[in-house]
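Input: a single structure, listed below in structure tokens.
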Amino acid sequence: MRRVLKPSLLLAGLTMALTACTTVMPLSLPLSTMDQCAAEPGVSLRFNALTIALGERPHTGYGIDLVGQQQDDGDYQLIFRERYPAPDRQYAQVMTSPCLQVILPAGWQHLTVTDQLSGQEWTFTPQDPMNKQPSRTLQAPVIVP
């Protein structure tokens with residue numbers, strides 16, 4: 001069985017999928033987002049917890065969104081993107097370290113994580129030593145006034 005979820009509706013704190021000829025379904029894997037994360041920048045897996053960490057950002061306008069998920073018999077594909085500040089809003093000027101954690105179910109076989117903006121992919125299996133991939137620093141663009 002294959003389920004494909006694409007973002008387009010945010011309702012009651014759940015990312016929902018709404019596209020032509022599909023039903024509305026919440027993402028099925030438990031996840032949490034944080035503004036202060038102790039993890040190193042990049043994508044890593046420890047036990048069954050996937051962490052996507054951006055590293056330091058200058059204010060609260062930055063974050064990470066899980067924008068797509070596909071599951072097929074233990075094989076998972078997750079797509080994320082960094083959320084950038086809206087230009088017409090003001091944000092608390094405090095250093096943040098945004099991250100997203102996704103808990104994988106017991107019995108998962110293969111995981112592919114894709115950065116929607118850059119296209120970079122990370123792959124994991126339960127047998128990977130230390131379940132770590134080489135980090136790639138996720139850098140925010142420099143905006144010059």
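In whole percent, what relative contact order does the stretch 30-129 give with Cα contacts below 8 Å and a gap of six or more residues? Before the final figure, lay out the partial values.
Values: 211 pairs, mean separation 33.1, N = 100.
About 33 percent, as a whole number.
Spatially, the stretch 43-89 and the stretch 107-127 are offset by 12 Å when compared through their Cα centroids.
Return LEU54, LEU29 ranked ascending by Cβ neighbour count within 10 Å, so the fewest neighbours appear first. Intermediate values should be presented prior to the final figure.
Numbers: LEU54 23, LEU29 15.
Lowest count first: LEU29, LEU54.
Each residue of the stretch 36-42 was assigned a 3J(HN,Hα) from its phi angle through the Karplus expression (A = 6.51, B = -1.76, C = 1.60, θ = phi - 60°), giving 10, 10, 7, 5, 5, x, x Hz with x at Gly and Pro.
All of the numbers you see were taken from the coordinates with simple rules; none came from a lab. Everything quoted here is computed from the prediction, not taken from an experiment. When we count neighbours, we look across all protein chains shown, and the Cβ atoms used for this are built from the backbone with ideal geometry, even at glycine.
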